[in-house]
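Reading through the structure tokens given below for one structure.
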Amino acid sequence: MEGIPLTLKDLVNPPPMMPWREFANWIRMSEDHDIVRGWMRNGYLPHLKVGRHVMVNVALLTKKLMEEEWVE
């Protein structure tokens, strides 16, 4: 799948916020931007509108995922 190539550095230290379309590409959902928009609309992805740009709060998402209890 095409998109931004990920390195270990990208995964260990992601930017705290990024534009939602860039985030969709980063998580390899470049073909499914509507799904990512739905996740934001339904509250699954923390986001903030800055001017006319919608940014995904990657830092808050990471924190929430780290605190989540995972069922095996």
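Results, tabulated for the structure shown:
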| quantity | calculated |
| --- | --- |
| Residues that are of a type in the set (Ser, Thr, Tyr) and either in contact (Cβ under 8 Å) with a residue 24 or more places away in the chain or in a strand (DSSP E or B) (or both), drawn from the range 28-60 | SER30 |
| LYS63, sole failed condition from (1) assigned to a helix (DSSP H, G or I); (2) open to solvent by 70 Å² or more (accessible area, probe 1.4 Å); (3) farther than 19 Å from PRO14 by Cα | (3) |
| Pairs with Cβ under 8 Å, 6+ apart, first in the range 11-25 and under 7 Å from VAL58 (Cβ atoms), second at pLDDT below 85 and open to solvent by 100 Å² or more (accessible area, probe 1.4 Å) | none |
| Residue, farthest from the chain's Cα centre (by Cα), within the range 37-59, restricted to residues that are closer than 18 Å to PRO14 by Cα and surrounded by 15 or more Cβ atoms within 10 Å (Cβ to Cβ) | VAL54 |
| Failed condition for PRO14, given (1) crowded, with 16+ Cβ neighbours inside 10 Å; (2) at pLDDT 95 or above | (2) |
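The values are calculated or read from the model by the stated rules, or taken from the named source; none is laboratory data. This is a predicted model, so every value here is computed, not measured. Positions of Cβ are generated from backbone atoms using ideal geometry, with glycine treated the same way; all protein chains shown enter the neighbour counts. Note: accessible area is taken over every heavy atom of the protein model, side chains too, but ligands, DNA and RNA are not part of it. Shrake-Rupley method; radii C 1.70, N 1.55, O 1.52, S 1.80 Å.
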